[in-house]
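Okay, so here's the structure we're looking at.
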Amino acid sequence: FTEDGKPMTKAEKQWREAVEQIHRYAEAPRVEALRQGTKLHLIIMQFEGWELKRLEEV
């Protein structure tokens, strides 16, 4: 459910899962070692077919 109590759409559910997944990847020890103190930008792109629907840095 969303913050206002409405059921999530499929796209909203996929977005939330993508945010959780990219944060898990970013926290992995190997990624931490590879970035060597640089800033890691977590960017998610969501497509519907070939069309980009949403693009954000999280």
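The values are calculated or read from the model by the stated rules, or taken from the named source; none is laboratory data. It should be emphasised that the depicted structure is a prediction, and the values quoted were computed from it without experimental measurement. No Cβ is skipped: glycine too gets one built from the backbone with ideal geometry, and neighbour counts run over all protein chains shown.
If the condition is being modelled with pLDDT under 95 and either surrounded by fewer than 11 Cβ atoms within 10 Å (Cβ to Cβ) or assigned to a strand (DSSP E or B) (or both), then segment 29-47 contributes Pro29, Arg30, Ala33, Leu34, Gln36, Gly37, Thr38, Lys39.
Sub-7 Å Cβ pairs linking a first residue in segment 1-16 that is exposed (fewer than 12 other Cβ atoms within 10 Å of the Cβ) to a second residue that is of a type in the set (Asp, Glu), at least 6 apart or interchain, are Thr2/Glu12, ordered by first then second residue. Taking the listed residues Ala18, Ala26, the one that is in contact with a helix residue (DSSP H, G or I) (Cβ under 9 Å, 6 or more places away or on another chain), of a type outside the set (Val, Ile, Thr) and part of a helix (DSSP H, G or I) is Ala26, with no other qualifying. Could you check, for segment 21-34, whether at least one of its residues is in contact with a strand residue (DSSP E or B) (Cβ under 8 Å, 6 or more places away or on another chain) and not polar (S, T, N, Q)? The answer is yes; a qualifying residue exists.
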